1. Would you be so kind as to identify which of Ile23, Thr181, Val158 lies farthest towards the positive end of the dipole of the chain, taking Lys and Arg as +1 and Asp and Glu as -1 on Cβ and the Cα centre as origin?
2. Quick one: helix 206-222 against the long Cα principal axis of the chain, what's the angle to the nearest 10°, folded into 0 to 90?
3. Determine the gain in length on full extension of the stretch Thr16-Ser139; use 0.36 nm per residue of separation and subtract their C-alpha separation, reporting nm with one decimal.
4. Among Ser172, Ser275, Ser213, which one moves the most in a GNM of the chain with springs linking Cα atoms closer than 10 Å?
5. If one computes the Cα centroid of segment 211-284 and of segment 24-103, what distance in Å separates the two points?
6. Hey, in the GNM for the chain with a 10 angstrom Cα cutoff, which one of Ile43, Ile329, Ile70 fluctuates hardest?
7. Given +1 on the Cβ of Lys and Arg, -1 on the Cβ of Asp and Glu, and no further charges, what dipole in debye does the chain carry about its Cα centre, rounded to the nearest 20?
8. Calculate, for Glu191 and Ser3, the FRET efficiency according to 1/(1 + (r/R0)^6) with r their C-beta to C-beta distance and R0 22 Å; round to the nearest 0.05.
Amino acid sequence: MISRRASKPVRIGDLTIGGDSPIVVQSMTKTDTRDVMSTTRQIRELAEYGCELVRVAVRDKEAAEAINAIKRGISIPLVADIHFDYRLALLALEAGCDGLRLNPGNIGNPEQVAKIVRAAKERAVPIRIGVNAGSLPESVDTQMPVARRMVAAALEQVKLLESLDFDLIKVSLKAFDVPTTVEAYQNIAAEIPYPLHLGITEAGTPRTGVIRSTAGIAILLYQGIGDTIRVSLTAPPREEVIAGYEILKSLNLRQRGPILVSCPTCGRAEVDIVSLAEAVGRELARIDKPIRVAVMGCAVNGPGEAKDADLGVACGKGNAVLFKKGKKIATIPEKDIVRALIAEVASL
Ligand code: SF4
């Protein structure tokens, strides 16, 4: 049983992060934010996959102003990601962003941060202090180990925001190196009451990135640390959301969507289980029902697992036995397995 660290709940749009709220799955768009139509389309797709909070890169005035039109076409809260130029944060706030992400390493000037904080406070918009190991501020002692420098950089900003009577704060401390990231989060978790956004930065392509992200995020979640997660991948952002939910489901922290059980296949299988499981997985990815679906390769170990699931198939030569809630309901030809399985999902 995981006992979550008690964090201060922070509202962002109509979402609460922290406290005893479910751990939020978020992602970031990969479109040019100035392209309102593409960005809106991508956010809508992310929402279909269960993304609850989205971040967009704001690299210039046009991108900041585009937030207004994007917000009108989406239903989940939007965070503006700001680097270097505090004026873009002010414009993003005016355009109606629900949250800001600032990197203390490259905004720098406390006066400018204070201007952002005052404008965010007026609108009750939270700020994520997003520390990145690759861009730490010069004010932090370079002799310290990286994890400690990350924590020091975050604490410096937390104190600055608190001194301005601002407490709508979230914090992230991302590095590519998993032990460094874990150590940084563990240390800051004991120091501040604010919600923590977990992630491993520049984690890579799906094959390696999901593993690297899971290694870091799951260690922390299992220790009760973390209120929202983003799995950063060099891939379409929906893959980040799918991976995020899989991590949470694996730890029994969220129940969204189906759990797919599939056998690894072996010499006993007489259908292409790899293609079949992938096709079923693709169809299930958009479905929100918390059900268990099994795709098994043969009559040796297949029926047991298929019966244990809400829906399951145990394949044979050219066909499969379909089980629903432990009962055999049909024998279906191989070419119809995916269609028949997904049709039955609707009846559960
Ligand atoms: Fe092999 Fe059958 Fe087990 Fe799949 S269920 S791995 S095909 S024995």
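Each value in this text was obtained by applying a stated rule to the coordinates, not by laboratory testing. Because the structure is predicted, anything quoted here is derived from the model rather than measured. Here Cβ is always computed from backbone atoms with ideal geometry, including for glycine, and neighbour counts include all displayed protein chains.
1. Ile23
2. So the inclination is approximately 70 degrees.
3. 41.0 nm
4. The residue with the greatest mean-square fluctuation here is Ser275.
5. Rounded to whole Å, the Cα centres lie 26 Å apart.
6. Ile329
7. Numbers: 45 positive and 41 negative charges, 161 e Å.
Roughly 780 debye for the chain.
8. Numbers: r = 19 Å, r/R0 = 0.85.
Given R0 = 22 Å and the Cβ-Cβ separation, E is 0.75.
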